[in-house]
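Every number in this text was worked out from the coordinates using simple rules, so none of it is lab data. Because the structure is a prediction, the values reported are computed rather than measured. Here the Cβ positions follow ideal geometry from the backbone for every residue, glycine too, while neighbour counts run over all protein chains shown.
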Amino acid sequence: MPNKYNIQAKRQELDGLIRDRAWNTFRNKYTKLSYPQDNKHNAQICKAIAECRNRHTTHRTLLHAVCDVQCGQPPADVIALIASSCTRSLFTQDSEQKLPLHIAILRGAGIDTIRALLESVPKDIDQYSKENMLLCQDSTGSTPLLLAVKMSASTNNDDIIKYLVNQDATGSSLIPPGNSRKKKHQKPVSVPLKYVAARETLYVDGGLESPQDLLHFILVKTFRAKLRHVMEKCYHSDRNCYVINENDDTKVCLSQAAILCYDLFGSSKLASSILSAIIRNELFHSQQRLNHHRDFGGNSTLHIACLSGITKYDQVLRLGQRQTSYGINSEDCTLMEYLIKSSMDSFTLFIARNDAGDIPLHCAIRTGKDCIHIRQLIEALEQSAMICTGNGELPIHLAIKSGSAQNVIILLWKAHPDAALIKDESTGMYLFQLASSSQIETRSLNHLSRKCKKQNLEKVADYTTELQQLSLSYFFLRERPEVISFFR
């Protein structure tokens, strides 16, 4: 077992060499400590020195100190030398939960230093992986990529940002962890796209034409990561049809990318301005018409709009030729209105299925779109309410099982009343049975109970009619009582 005081003395000596930027002397000292490399005692000494935390520098390890140089940057071979003797030092956090990678980015290190840190990660140890390093958050909740993007406004580090993005195979560092919907009293989750888009707002029409521009690059990469995340959430991991294996970013439609990432831009106003610029300048894929391009999962642009995380599109897109950004033109409208209007020349787009067998209406129900969007899709083509999903579910069956709002369910029933007499193939239940076993009934009754408690007890009887209206199973039985004869 190495002597603790001897280790601390050697660590202080190496810290002095780092402060003086005496990298040649540092190499010689550290190499002598580890020579010969097959000596188990020497390996333990080097590992102990690398893991030794200096109490006077916020408990940082030797690798933290190397990456924390103020002027210049540490040589890549020095980083590799320390990492080879102690892999764990790459993943050790200081008192502010920062990795050496965080420190290097904060100090404005070059691409060689960042590459040396990531290339030192072993490939055969699961607990020490590049993904774990790239997703590690400091005390402010910033990943290394998010930290680099925040600093991009003051430093020219676009090459580092692109390198970090390309090293993340799944793109998890580009999207919010877990549920991206903002809850009450919860700070909004920051993502790289928000900061890059805000940096490009002064010239929003620029930064999109060339794939080499940072906004274009981040938007495409975020789209690929978000698409995979959305598909796994909607169709679960056992569905193989949405495994995105293609690496050709030129096949990504910019309008689809902006729509799916609409909720990641930080504000709907910024997102709509970027989307408007894409549509006005016809920057969508291969100069095709907006709705005719299919992505990796067979989704049209209408599918993508229905799958995005936005519940209701109420921001007006500034479309058409315009001399100024002020005022509203006759062509200006919301996103869903524009997509439906541009699809009216081809009704097949409303019943076109993606690789999972869903039409846009099914996608809108799965993601909990507002009733106004469901109504717009049905009014555009009423027969879409009669088309089953790839699993044989009618839209109203899917709405009940997905926990949709009651006004959405009633709207789907009015478009297809005979659905009350049709069994759901996956469960073998009729509508009134599905409704009675769904969470919608429980929520409605709990809401009514709370409402009665707040009012005078004499008014409880006044809510009897409301209780019957809220009961969907009662509603379906009242409207189509002949379904009872099927059980005789």
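Exposure proxy ranking for 5, 30, based on other Cβ atoms within 10 angstrom of each Cβ and starting from the fewest, stands as 5, 30.
Note on region 47-139: Cα-Cα pairs beyond 21 Å make up 22% of the total pair count. Note on region 338-436: Cα convex hull, mean projected area over all directions, 5.8 nm². Seen through its C-alpha gyration tensor, with square-root eigenvalues sorted a ≥ b ≥ c, region 385-427 comes out oblate because a/c lies at 1.5 or above while a/b is not bigger than b/c.
Taking 7 Å steps out from each Cα toward its Cβ at residue 330 and residue 156 produces label points 4.8 nm apart. Between residue 139 and residue 96, the distance separating the two model label sites (each 7 Å from Cα on the Cα→Cβ line) works out to 0.8 nm. Within 11 Å, Cβ to Cβ, of residue 298, how many net charges do the neighbouring residues add up to if Lys/Arg are +1 and Asp/Glu are -1? Its environment carries a net charge of -1.
Within 10 Å of each residue's Cβ, count the other Cβ atoms and sort 150, 10, 4 from fewest upward.
Values: 150 18, 10 21, 4 10.
Result, fewest neighbours first: 4, 150, 10.
For residue 43 and residue 19, the FRET efficiency from 1/(1 + (r/R0)^6), where r spans their Cβ atoms and R0 equals 25 Å, is about 0.40.
A simple count of charges around residue 111, restricted to other residues whose Cβ falls under 14 Å of its Cβ and scoring Lys, Arg +1 and Asp, Glu -1, yields -1.
Near the amide H of residue 60, within less than 5 Å, lie the amide hydrogens of 54, all on another chain or at least 5 residues away, with H placed in the peptide plane.
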